[in-house]
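The values are calculated or read from the model by the stated rules, or taken from the named source; none is laboratory data. Since the model is a prediction, treat every value here as computed from it, not as a measurement. Here Cβ is always computed from backbone atoms with ideal geometry, including for glycine, and neighbour counts include all displayed protein chains. The area values use the complete protein model at the heavy-atom level, side chains included, leaving out ligands, DNA and RNA. Shrake-Rupley method; radii C 1.70, N 1.55, O 1.52, S 1.80 Å.
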Amino acid sequence: METTMISKILIANRGEIACRIMRTAKRLGIATVAVYSDEDMNALHVKTADQAVRLGPAKASESYLCIDKIIQAAQATGADAIHPGYGFLSENAQFAQACIENDLIFIGPSVDAIKAMGSKSAAKTIMQEAKVPLVPGYHGEQQSPELLAQEAEKIAYPVLLKAAAGGGGKGMRIVWQAEEFDSALAAAKREAQASFSDQIMLVEKYLTEPRHVEIQVFCDQHGNAVYLFERDCSVQRRHQKVVEEAPAPGLKAETRAAMGEAAVRAAQAINYCGAGTVEFLLDSDGKFYFMEMNTRLQVEHPVTEMITGQDLVEWQIIVANGQPLPMEQSALQINGHAMEVRIYAEDPNNEFLPCTGLIKQLIHPPESTHLRLDTGVSSGDSVGIHYDPMIAKLIVSGENRAQAIARMDQALNQYVLVGVTTNTHYLQSVINTQAFKHAQLTTDFVERHANAIADYQLDYDWPELATLACFALLSEQVKSTDVWYQNTRLNHHSKSSLALHINETLRTFEIISADDSYTIMSDNYTALSMQASMQNGRFNTLINDVKTTYVCYADGQSLLIANSQGQWRAQRQLANHLSDQEEQQDGAILAPMNGSLIALPVNSGDSVKKGDLLAIVEAMKMEHNIKAPANGVVTECHYQEGDLVEGGKQIMLISPEAEA
Ligand code: MV4
């Protein structure tokens, strides 16, 4: 019964996932259509596609979330299917419906399946009937505070209040004892009302140290269903996943099978079709409980692909074509261990605020069967404020977990991105903790091990310092009047002095050079001799018969050398010691980053109290409240609501009230 096959897919998404979906489509001989906003006109996903259609302005609500525009784009280009990726419209039942009504195949589950999993309480009722284990608790319709408090007593404290419409931890409150119940309930309801316009609450037994373990399921249109094992995603920061891996360390084979079978029952209970994920909380004693089902392909699907050797996007296309699943459960196997980290444009040293800017240089670790890089950006791209700050994913595999960790550490050393701050060093500090190496994975991992994570530092020993100094000399491209640098010729030799900022310390170096030989001196280190050369963007050194090669980058003040062993950075000292930061007055309220001012509730002349909201800056879908540091009067306000503002710029000036 050969039906017509999908021959052109429109990808209703951007960034790495759009690129990743197109990679499989191309391999299968399927044409691809990208969509883009004005900000993404020259983005990688647009360049990767066979055709690309403009949707509208940068704001997602006017581009990637516009159902009508996307359907029109599919019709205009003759696409026969739409892949929604993750985020944006991927779990929007209206969008799935609009596709079907317009004779477009939605590469995802049915409208009903999406709707069924949209409410946590409705989902729990369905799962209960399907005999999927639930966290003890109440998920009924009755919502009187008295009844909810009674239900809490029944399961015993601590309990967790969860918004039925919730997600990402919003509308969630832990209640440790009965006395706190009423106020916690009121607070959770307020938050749920504000976020989802729905106050319905669930009461659950609060599990204190669970793991987040999720099962990948796949179903076809013929009633077949399999599970492709699990992923452990316990390492999260404020409900953002940081590291994901498969299989889940230490999971017993029988628990794996029991979870897999429960996940398949969950999918079949809603007549599921395509790729889905059933999330569970896993207790320290191996008991597991249904949390929610995600009706999309997830960010972390590559770790499953790595351990199973399957291409899940290919499976999605096969299923969307109406063909049966490519494999039966008994043929699926786990091979080795895979791990993924999410590279975000954010600053771990500044409360993980999203970062923007021009990517001046991007060097990737070499891809292999063990190393995959799913990226949405390339050199020369700008990272803006309008979308998710996740810009790439690094995925590695190994014969075992320790090998995967070692490969990930090397890969992160070799991932060089200059121009926008990223979390790569933070990721290394997480995977290098003893707790992570010992797989002590619980959902509070990053809080619990915050000190160990913060302590992680790459060593800058004398050979690396000397190498940075030598590289600074060889890459000298700035006018010597611009940097603190002297050069004296002595017969065949020349003697140079230079100063570098390295890890917030200013170090001065003396270098005597002749041809490609250098002798480097600094402070109280013993003189070090090396040979060095630059070739094809690489910096090669020979120190005590040891050859080392680095990828390198130099641009004005910034210097960087990197190889699989580490990544070392330095800044040239400027000749004029003036900092490029503007002198800021007392009471200056500065923008914490590039963003748009979505609220500015005060005007010049207003009196404000310490803690009052002065402005909200939105960047990459996250809102940052700026509050008054002290009581005072707003004397100047330089912006209006809706303006774009650059990080570090003064938004307003407050004249603080004299102390009483
Ligand atoms: C829980 C829980 C403990 N006990 N439910 C957080 C987001 C939402 N999807 C469910 N979440 C949790 N539900 C009970 N009954 C702990 C969490 C939780 C969590 C879960 C997975 C990954 C990270 C987490 C971080 C904090 C809390």
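The table for this structure:
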{"quantity": "Any hit, segment 224-237, residues being on the phi > 0 side of the Ramachandran plot, within 27 Å of the chain's Cα centre (by Cα) and at pLDDT 95 or above", "calculated": "yes"}
{"quantity": "Any hit, segment 129-152, residues being in contact (Cβ under 8 Å) with a residue 24 or more places away in the chain, more than 24 Å from ALA267 (Cα to Cα) and within 14 Å of the ligand (Cβ to nearest atom)", "calculated": "yes"}
{"quantity": "Selection count, segment 162-184, where residues are in a helix (DSSP H, G or I) and within 16 Å of the ligand (Cβ to nearest atom)", "calculated": "2"}
{"quantity": "Candidates VAL299, VAL313, VAL278, VAL264 - the one that is hydrophobic (A, V, I, L, M, F, W, C) and part of a loop (DSSP other than H, G, I, E, B)", "calculated": "VAL299"}
{"quantity": "Any hit, segment 352-372, residues being of a type in the set (S, T, N, Q) and touching a His at 6+ places or on another chain (Cβ under 9 Å)", "calculated": "no"}
{"quantity": "Condition met for ALA253 (open to solvent by less than 10 Å² (accessible area, probe 1.4 Å) and either within 27 Å of the chain's Cα centre (by Cα) or within 20 Å of PHE290 (Cα to Cα) (or both))", "calculated": "no"}
{"quantity": "Filter result for SER607 (touching a strand residue (DSSP E or B) at 6+ places or on another chain (Cβ under 7 Å), in contact (Cβ under 8 Å) with a residue 60 or more places away in the chain and open to solvent by 40 Å² or more (accessible area, probe 1.4 Å))", "calculated": "no"}
{"quantity": "Hits in segment 80-103 - residues which are of a type outside the set (Phe, Trp, Tyr) and open to solvent by 10 Å² or more (accessible area, probe 1.4 Å)", "calculated": "ASP80, GLY87, GLU91, ASN92, ALA93, GLN94, GLN97, ALA98, ILE100, GLU101, ASN102, ASP103"}
{"quantity": "Residue list for segment 417-444, restricted to those being more than 17 Å from CYS355 (Cα to Cα), open to solvent by less than 40 Å² (accessible area, probe 1.4 Å) and assigned to a helix (DSSP H, G or I)", "calculated": "GLN428, SER429, VAL430, ILE431, ALA435, PHE436"}
{"quantity": "Some residue of segment 167-190 being within 30 Å of the chain's Cα centre (by Cα), closer than 29 Å to GLN268 by Cβ and at pLDDT 95 or above", "calculated": "no"}
{"quantity": "Filter result for PHE280 (surrounded by fewer than 18 Cβ atoms within 10 Å (Cβ to Cβ), within 22 Å of the chain's Cα centre (by Cα), touching a residue at least 12 places away in the same chain (Cβ under 8 Å) and within 16 Å of the ligand (Cβ to nearest atom))", "calculated": "no"}
{"quantity": "Residues being within 21 Å of ASP388 (Cα to Cα), assigned to a loop (DSSP other than H, G, I, E, B) and at pLDDT below 80 - total across segment 609-660", "calculated": "3"}
{"quantity": "Residue list for segment 518-528, restricted to those being touching a strand residue (DSSP E or B) at 6+ places or on another chain (Cβ under 6 Å), open to solvent by 50 Å² or more (accessible area, probe 1.4 Å) and either at pLDDT below 90 or assigned to a strand (DSSP E or B) (or both)", "calculated": "MET521"}
{"quantity": "Test: residue in segment 396-419 that is touching an Asp or Glu at 6+ places or on another chain (Cβ under 8 Å) and under 17 Å from ASP347 (Cβ atoms)", "calculated": "yes"}
{"quantity": "2 or more residues within 12 Å of the ligand (Cβ to nearest atom), buried (at least 16 other Cβ atoms within 10 Å of the Cβ) and aliphatic (A, V, I, L, M): qualifying strands (runs of 3 or more DSSP E) within segment 185-249", "calculated": "201-205"}
{"quantity": "Segment 138-168, subset under 21 Å from SER195 (Cβ atoms) and of a type in the set (Gly, Ala, Ser), residue surrounded by the most Cβ atoms within 10 Å (Cβ to Cβ)", "calculated": "ALA163"}
